[in-house]
Amino acid sequence: MSESSSQFEIYDKDFRKIVAAGSVLAEIASGMEFTEGPVWVEREGRLIFSDIPADEMKAWSPEGLETFRKPSGHANGNTLDRRGRLITCEHGNRRVSRTEGDGKVVTLADSFNGKPLNSPNDVVVKSDGTIWFTDPPYGISPEQIAQPHNYVFRLDGGGLTPVADDFDRPNGLCFSPDEKLLYVADSSDRKHIRMFEVAGDNTLRGGAVLATIDPGVPDGIRVDMRGRLYSTAGDGVWAITPEGVLLGKILLPQTPANCTFGGPDRRTLYITARHSVYAIELTATGAQRP
Ligand code: MG
């Protein structure tokens, strides 16, 4: 494990409640093409992530790095469902898949209104088992676009339902710890993180801009148990209060695309950033489920 010197930009003293003085950013894996979709699999004590252009998913543990799946359908975002099964956005296969206990990969969604999805990008699962994902066209050429909007979708027993249709490039998404709010990044020139209220029937209300990320754009986002957001940006990972105030930045040597909490106590933030994966121990605890 090589280590970089830690580097932070601190805008509010509360940043030190998240990142203790002396915390060190460590590069735990390198040599990939473009890393994305980190998910901590607690029962296996390892991190699974995607290397999108390599058409491969990797598994990292303190013992080392290995191939998890290749080809991967150019997998992008990953998460776990209520039963701990891997849910994957397959950029290239234009579908959301689930990996069963026996390793078989099944399609959960690959079309809407009889037409192919664009290229599912990132995914989260709510505690009621519903699956929420974004469908921008990053993985396809313009002439392949079949959907009239770049939707945010909810998948439940009734199939796919668009829950938002006014994004330019919907990308990373996550729920607040109480699941009353859904945050969705718009990785276009808008650079927005937007905030929706989740109604009892799983429709969305609102959609106000909580934060604007510049330099770069917001991509992967996560929350900790206190509802603070961690958004990837052009210069690192930004820590933002639930009110949208920037507390500080974890600066990275490569531009990050996503992050997730993991480790035995969910206090390690794993960050996928271009050719590498980084980890940093926080004092905050991730709210990511399960
Ligand atoms: Mg993404």
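Screening segment 31-48 for residues that are within 16 Å of the ligand (Cβ to nearest atom) and under 12 Å from the mean Cα position of the chain (by Cα) and picking the one that is farthest from Val123 (Cα to Cα) gives Thr35. Checked against the criterion of being away from the ligand (no atom under 16 Å from the Cβ), within 24 Å of Leu251 (Cα to Cα) and free of Cβ contacts under 8 Å to residues at least 60 places away in the same chain, the candidates Val184, Val209, Val217 yield just one match: Val209. Just one of (1) assigned to a strand (DSSP E or B); (2) touching a Ser or Thr at 6+ places or on another chain (Cβ under 9 Å); (3) surrounded by fewer than 22 Cβ atoms within 10 Å (Cβ to Cβ) fails for Gly206. It is (2). Put simply, of Leu204, Leu251, Leu229 the only residue that is touching a residue at least 40 places away in the same chain (Cβ under 8 Å) and more than 24 Å from Lys13 (Cα to Cα) is Leu204.
Looking at this structure, is Asp201 more than 18 Å from the chain's Cα centre (by Cα), closer than 22 Å to Val123 by Cβ, of a type in the set (Asp, Glu) and away from the ligand (no atom under 13 Å from the Cβ)? Spelling it out, Asp201 is indeed more than 18 Å from the chain's Cα centre (by Cα), closer than 22 Å to Val123 by Cβ, of a type in the set (Asp, Glu) and away from the ligand (no atom under 13 Å from the Cβ). Would segment 17-37 turn up any residue that is closer than 24 Å to Lys249 by Cβ, without any contact (Cβ under 8 Å) to a residue 12 or more places away in the chain and not β-branched (Val, Ile, Thr)? The answer is yes, given that some residue of segment 17-37 is closer than 24 Å to Lys249 by Cβ, without any contact (Cβ under 8 Å) to a residue 12 or more places away in the chain and not β-branched (Val, Ile, Thr).
Listed here are the residues, each with its yes/no results for (1) part of a loop (DSSP other than H, G, I, E, B); (2) within 16 Å of the ligand (Cβ to nearest atom); (3) farther than 23 Å from Ser187 by Cα.
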position: Gly92; (1), (2), (3): yes, yes, no
position: Val106; (1), (2), (3): no, no, yes
position: Asn121; (1), (2), (3): yes, yes, no
position: Val124; (1), (2), (3): no, yes, no
position: Phe133; (1), (2), (3): no, yes, no
position: Ile140; (1), (2), (3): yes, yes, no
position: Glu143; (1), (2), (3): no, no, no
position: Phe153; (1), (2), (3): no, yes, no
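Given segment 220-263, what strands (runs of 3 or more DSSP E) lie entirely inside it while holding 1 or more residues that are within 15 Å of the ligand (Cβ to nearest atom)?
Ranges flagged: 221-223, 229-232, 236-240, 256-262.
Restricting Tyr278, Tyr270 to those that are more than 16 Å from the ligand (Cβ to nearest atom), assigned to a strand (DSSP E or B) and in contact with a strand residue (DSSP E or B) (Cβ under 8 Å, 6 or more places away or on another chain) reduces the list to Tyr278. Residue count for segment 209-226 satisfying the condition of being loosely packed, with under 15 Cβ neighbours inside 10 Å and either at pLDDT below 95 or small (Gly, Ala, Ser) (or both): 0.
The values are calculated or read from the model by the stated rules, or taken from the named source; none is laboratory data. Because the structure is a prediction, the values reported are computed rather than measured. Note that we place each Cβ from the backbone using ideal geometry, even for glycine, and neighbour counts take in every protein chain shown.
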